[in-house]
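What follows is calculated from the coordinates using simple rules that are stated; it is not laboratory data. None of these values were measured; they are calculated from a predicted model. Cβ atoms come from the backbone with ideal geometry, glycine included; neighbour counts cover every protein chain shown.
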Amino acid sequence: MENIKKENDYILEVRNLKKYYPLSRFSLGKSRAYVKAVDDVSFKIKRGTTMGLVGESGCGKTTVGRSILRLHDITGGQVIFDGQDLAKIPPSKLRKMRPQMQMIFQDPYSSLSPRMPVGEIIGEAVKEHKIVPKSEYRSHILKVMRDCGLQPQYFYRYPHEFSGGQRQRISIARAVALKPKFIICDEPLSALDVSIQAQIINLMKDLQERYGYTYLFISHDLSVVEYISDTIGVMYLGSMVEIGDKKRIFDNPMHPYTKALLSAVPISDPDVKMNRIILSGDIPSPVNPPSGCKFRTRCQHCMDICSREVPKLKEYEEGHMVACHLYSQD
Amino acid sequence: MGLKNFFERKKIEGVDNTMYLTLREERRISKENNRIIKYYERQKARKNVPEEEYLTQMRDPNNVVEFDNLHTYFFTDVGTVKSVNGVTFDVPIGKTVGIVGESGCGKSVTSLSLMQLVQAPTGQIVEGSIRYQAGDGKCYDIPKVPKDRMLKLRGKEISMIFQEPMTSLNPVFRIGEQMDEVILLHEEGATPEIAKERSIAMLKSVGIPMPDKIYTKYPHELSGGMRQRVMIAMALLCNPRLIIADEPTTALDVTIQAQILELLREVKERINGSIMLITHDLGVIAEMADLVVVMYAGRIIEKGTVREIFHDPKHPYTIGLMRSKPSGKLKDNRLYSIKGQVPNPINMPDHCYFLNRCDMAMDICHGEYPKMIQYSPTHFAACYLCGESSFPKNDLAKE
């Protein structure tokens, strides 16, 4: 058993993940149009680490998260979780796998049922999946609540009685109560204030240290991702443009998009004046993305080859992959 | 489940029921509120008010706006919420003033008070004054200005950019119609042709490609960044002297945020106006603002120039805010976090509001609310902690 765990050091491997949404408009004689929300994305996550997924809104980072959990069917590719291909597992088996992968949603106001008391919200799935024997149910829930910084008297209270930060604690408790291995956090901090954000980040880090969870942390806030992640993937318009260790990405960003993204983060020091790379225009429509490199319409270093060939994700340093023609594609 | 739950709940934890009001008490509060609200509403609805009543003098002619001991309360059925509780600061001409604070600290209500847009009838300005220096040299005391006069100031001289560009643009009218309306309302003798020409020119000046096409589009056809540009264009149409930007970039991506901030800076130069920038992002403040006001639970706890606030913060809350911003450069594995949360706004304590979250609380903090202490001509903070160490500096400031 021990040996297998060491070999399968990667808890999750995503290979060539694709998710296309068909557009409802049919046009005769033409092939059907698709929104390519996620187009050929591959990455691996090591057990017990955190991977950050960054990108602008509409770049497909949430779709990646949902595809991994198979909250919707995927168009192509493989999602290998703990040695099993999730895309091919029959539904009955998938249901048994569900407790191992959990999700924390962005908006703590809409993701909690207003009609259930906190104890029930946290415990509903625990009962359903029979995580603990019935006799231990209550003590298990209370323990989880204590872990997440919720007082035991909240057990019978309803979500509307809580502030945003505490609601997010409830969502975390709900995910953690199932004893998962892998948690997807879909922008869990974006609805919270700075001082509360820090509390939630600390909570998530503590839980990870204590129980060894693996996180996929989806966010557009680079400073949070920089703080919490071990590896970082940068997405643009459905594809991964750069992926690597946190240090390598932040010390030596290679893709022009990553550079622009990093330079756009406001720094809280009035004396530091950044050489800001301001991207012109908006993210193009994913229905008909630019040919070749998708970033070429906003790129400063656009060359001839960029419109002809799609750059491939290549490794340039150890644990640092970039998809850009600026770096020789050999 | 319901009834059993109810009894169990009382039995087990002995929940403190102080936040629940009896029916009688609730009725008493709402009666009281009605009386107060009626008084203020009658004051505001008066017609033909003589000008002398709302014209005043500025303390310093270099300021556009002076907030002086402003109190804005909300009279709700569960009690009075003191949203803005004695706020004093100035907005100098040609400067950007940043207001920072957590949600619910009253930063938006402060700006809405200036526009007379506080949600009436529950929300009322009960005390204090906001002096506004208009372009024609007159100086208005905003809380006393009657409604019909305010219509001429709002949108023309003071304009506002809201947080959600989607909800603040009307979805059933084209961009052009909404923009023309501003000109037609505020400019005398403006014809629809002139209005259209100016709207398109303004759209072009905020960096919108193909402005005449955007002019005929509906808000939902534009992206978030584009909508925010339209909002900015709309705010600029009548050459305002003051722009209030209420979290203008919170709903946008970092790359678009950088574009919008750049645009705001450029716009400020062009019109030589002032900006009141409300945000909770310290990074945005550091980049944009000249002066910073930090608010907590309805009061200003610290104010000063950006450098003073960022390099030499005095109040534990300001320091906490700075330290709780995550960054990968931290040596320590744990992020500093301010414990607890903002106290219930209905019954605020008598002592310092930050006391129960403060790491550096002392005995004296349980006394009355600390006074504003001056450290330099521009730097103020309300905390006992830094009060003692600053006495020599304080003397210097007086000299």
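Quick one: what are the phi-derived ³J(HN,Hα) couplings along the range B:103-113, Karplus 6.51/-1.76/1.60 with θ = phi - 60°, whole Hz, x for glycine and proline?
Result, ordered by residue: 5, x, 8, x, 6, 6, 5, 4, 6, 5, 4 Hz.
Efficiency by 1/(1 + (r/R0)^6): what FRET value for B:Ser30 and A:Glu209, r their Cβ-Cβ distance, R0 = 51 Å, to the nearest 0.05?
Computed FRET efficiency for B:Ser30 and A:Glu209: 0.50.
Pick from A:Leu94, A:Leu23, A:Leu216: which is most flexible by mean-square fluctuation in a GNM of chain A where alpha carbon atoms under 10 Å apart are linked?
Looking only at A:Leu94, A:Leu23, A:Leu216, the largest GNM fluctuation is found for A:Leu23.
Considering only B:Gln124, B:Ala381, A:Val241, whose Cα is most displaced toward the positive end of the charge dipole of the protein assembly as shown, charges sitting on Cβ of Lys, Arg (+1) and Asp, Glu (-1)?
Value computed over the given set: A:Val241.
Return the whole-Å distance between the Cα centroid of the range A:120-176 and the Cα centroid of the range B:181-259.
Their Cα centres are 47 Å away from one another.
Given Cβ point charges of +1 (Lys, Arg) and -1 (Asp, Glu) and nothing else, what value in debye, to the nearest 20, does the dipole of the protein assembly as shown about its Cα centre take?
Magnitude of the dipole: close to 2480 debye.
Taking only Cα atoms and a 10 Å spring cutoff, compute GNM fluctuations for chain A and point out the largest among A:Phe217, A:Phe155, A:Phe182.
Highest fluctuation of the listed residues: A:Phe155.
I need the calculated FRET efficiency for the pair B:Glu269 and B:Leu21, taking r as the beta carbon distance and R₀ as 56 Å, to the nearest 0.05.
After rounding, the FRET efficiency stands at 0.60.
Quick check for me: using +1 on Lys/Arg Cβ and -1 on Asp/Glu Cβ, what's the dipole size of the range B:241-334 about its Cα centre, in debye to the nearest 20?
About 340 debye.
With both bridge residues required to lie in chain B, what share of the DSSP beta bridges run antiparallel, to the nearest 5%?
65
Based on alpha-carbon centroids, what's the gap between the range B:361-378 and the range B:70-100 in Å, whole number please?
Here the two parts' Cα centres lie 19 Å apart.
Based solely on its DSSP helices, what 222 nm [θ] is calculated for chain A when runs of n ≥ 4 H residues each add -39,500 (n - 2.57) and the sum is averaged over all residues, nearest 500 deg cm²/dmol?
-9000 deg cm²/dmol
Once you put a point 7 Å from the Cα of A:Arg308 and another 7 Å from the Cα of A:His160, both along the Cβ direction, what distance in nm separates them?
Here the modelled spin labels are 6.4 nm apart.
Along the Cα-to-Cβ line of B:Asp60, 7 Å from the Cα, sits a label point; which residues in the range B:290-304 have backbone N less than 12 Å from it?
B:291, B:304
Gaussian network model of chain A, Cα springs within a sub-10 Å range: biggest mean-square fluctuation belongs to which of A:Pro270, A:Pro99, A:Pro286?
Top of the fluctuation ranking is A:Pro270.
With label points built 7 Å along Cα→Cβ from the Cα atoms of A:Lys259 and B:Asp77, find their separation and express it in nm.
It is 6.0 nm.
Could you tell me which of B:Tyr336, B:Ile275, B:Thr305 has its Cα farthest along the dipole of the protein assembly as shown towards the positive end, charges placed at Cβ (Lys, Arg +1; Asp, Glu -1), taken about the Cα centre?
My answer, from the dipole projection, is B:Tyr336.
Determine ³J(HN,Hα), in whole Hz, for all residues of the range B:295-303 in sequence, where each value follows from phi through the Karplus function 6.51 cos²θ - 1.76 cosθ + 1.60 and θ = phi - 60°; x replaces Gly and Pro.
10, 9, 6, x, 10, 7, 9, 7, 8
Roughly what % antiparallel, to the nearest 5, for the DSSP beta bridges in the protein assembly as shown?
The antiparallel proportion sits near 65 percent.
Give me the inter-chain shielding for B:101-107: mean count of other chain Cβ atoms within 10 Å, whole number please.
What the average comes to for B:101-107 is 2.
Normalised by the number of residues in chain B, what is the relative contact order in percent for Cα pairs under 8 Å and 6+ residues apart?
17
Considering only DSSP beta bridges whose two residues both sit in chain A, what percent are antiparallel, to the nearest 5?
Restricted to chain A, the bridges split so that about 60 percent are antiparallel.
Give the calculated FRET efficiency between B:Thr191 and A:Ser285 to the nearest 0.05, with a Förster radius of 35 Å applied to their Cβ-Cβ distance.
According to the calculation, E is roughly 0.40.
Using label points projected 7 Å from each Cα along Cα→Cβ, tell me how many nm separate A:Val272 and B:Glu127, to one decimal.
Placing both labels 7 Å beyond Cα along the Cβ direction yields 4.2 nm.
Below 8 Å between Cα atoms, with a sequence gap of 6+, how large is the relative contact order for the range A:243-302 in percent?
Value for the range A:243-302: 30 percent.
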